[in-house]
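Below is one structure, written out as structure tokens; the observations come after it.
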Amino acid sequence: MSPFQFHPQQAIEELMAMHQKLLTGIKTVADVGEIEVGTTPKEAVYQEDKLTLYRYKPMVDTTNTAPLLIVYALVNRPYMLDLQPNRSLIKNLLETGQNIYLIDWGYPDKTDKYITLSDYINGYLHRCVKAICKRHGVNKINLLGVCQGGTLSLCYSALYPKKVKNLITMVTPVDFKTPENLLSHWIQKLNIDQLVDTLGNIPGELLNWAFLSLKPFRLMNQKYLHMVDKLEDTETFKNFLRMEKWIFDSPDQAGEAFRQFAKAFYQQNALIEGKVMLDKKTVNLKYLTMPILNIYATEDHLVPPDSSRALRKYITTEDYTEIDFKGGHIGIYVSSRAQKIVPCEIGKWLSQREE
């Protein structure tokens, strides 16, 4: 019998089951209520323009004298690291005894289109570091950079090595032209100057759909087909909606900073060439002499493993550790396995380097 033979009765039963799930889903949707994200207690301790620097309320006695500053990407919202209480990298890091700060870059508008990468790194990020050092009476902090935020953290640490005690990078692109990097292949063909000159700021929605197009079936069609099964349980559906909220909550990108990042990092691969210039300062990875922990995801479609692993070739530190997480770009933040592994490994690594 052919596996493709049509069975009318089976088709009717499947349609009826789908119909019942949709009927149940109507009540589930009505009962959902407000979708909360980023619920771990925190307070704003520094603000400048669109930026807010948060400090999280410690959950246990802190075990590290150096505070930990988390630098997230410009292209997404940082509450992915604190999506919900049982899927929160930040909450689990707090439980390891870290004193945690986080930069929220905010939502750039048309007044920000001339902000440069140097403004972000030599300006905002550097002033946040100095504010934290002043609050704690220390000269150095621990720095955790995530995705594009990891690349910004590499640049900052190379320019200001005396301000960074330990550096951690998560799913961070370093070599932007590895063969399997689909996003890089796509960007090589773009006329970046024409795009920025035409649009000014780059709409977050445009970038979001570009990211989704890298895996269109899995990230769009398949996901919404599976959503029907999630409608049967309110909490499961809320989890789905939290992810949807984050995915489509994409800030616009300051035009000049986007121009510089896309051209220098993706098109010219200038980071590993030692040719990134930020206000006449050259970013050279050889100045990364502090201990470094580099965490990458083995199934990452946005930042391929080879892109992250390349870091070891260009640094001079003698204390370099690499951890591979068996999962994808999003799973490393929110999967149940990641919650058990990643924060504990970071906490343990930092504790081993506590003076």
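Remarks
- Counting only helices (runs of 4 or more DSSP H) that fall entirely inside the range 144-209 and contain at least 2 residues that are out of contact with any His (no Cβ under 6 Å at 6 or more places or on another chain) and at pLDDT 95 or above, the qualifying elements are 148-159, 192-199.
- In the range 323-355, the residue that is farthest from VAL37 (Cα to Cα) out of those that are exposed (fewer than 14 other Cβ atoms within 10 Å of the Cβ) and touching a helix residue (DSSP H, G or I) at 6+ places or on another chain (Cβ under 9 Å) is ASP324.
- Failed item in (1) closer than 28 Å to HIS126 by Cβ; (2) among the aromatic types (Phe, Trp, Tyr); (3) within 16 Å of the chain's Cα centre (by Cα), with PHE258 passing the rest: (3)
- Boolean, LEU311 is modelled with pLDDT of 95 or more and more than 19 Å from the chain's Cα centre (by Cα): no
- Any hit, the range 74-95, residues being within 24 Å of ILE247 (Cα to Cα), touching a residue at least 60 places away in the same chain (Cβ under 8 Å), of a type in the set (S, T, N, Q) and assigned to a helix (DSSP H, G or I): yes
- Residues located in the range 86-145, provided they are polar (S, T, N, Q), more than 30 Å from GLU235 (Cα to Cα) and within 19 Å of the chain's Cα centre (by Cα): ASN142
- Meets criteria (crowded, with 18+ Cβ neighbours inside 10 Å, touching a Cys at 6+ places or on another chain (Cβ under 9 Å) and over 24 Å from THR63 (Cα atoms)) for VAL303: yes
- As a summary of the residue check, GLY106 satisfies the conditions (1) surrounded by fewer than 19 Cβ atoms within 10 Å (Cβ to Cβ); (2) touching a Pro at 6+ places or on another chain (Cβ under 9 Å); (3) farther than 25 Å from TRP246 by Cβ; (4) not aromatic (Phe, Trp, Tyr) except for the one numbered (3).
- Test: ALA264 is surrounded by 20 or more Cβ atoms within 10 Å (Cβ to Cβ), at pLDDT below 95, assigned to a helix (DSSP H, G or I) and touching a Lys or Arg at 6+ places or on another chain (Cβ under 9 Å): no
- The residue of the range 114-164 that is surrounded by the most Cβ atoms within 10 Å (Cβ to Cβ), among those that are farther than 21 Å from LYS275 by Cα and of a type in the set (S, T, N, Q), is ASN142.
The values are calculated or read from the model by the stated rules, or taken from the named source; none is laboratory data. A quick note: this is a predicted structure, and the numbers were derived from the prediction, not measured. Note: ideal-geometry Cβ built from the backbone for every residue, glycine included; neighbour counts use all protein chains shown.
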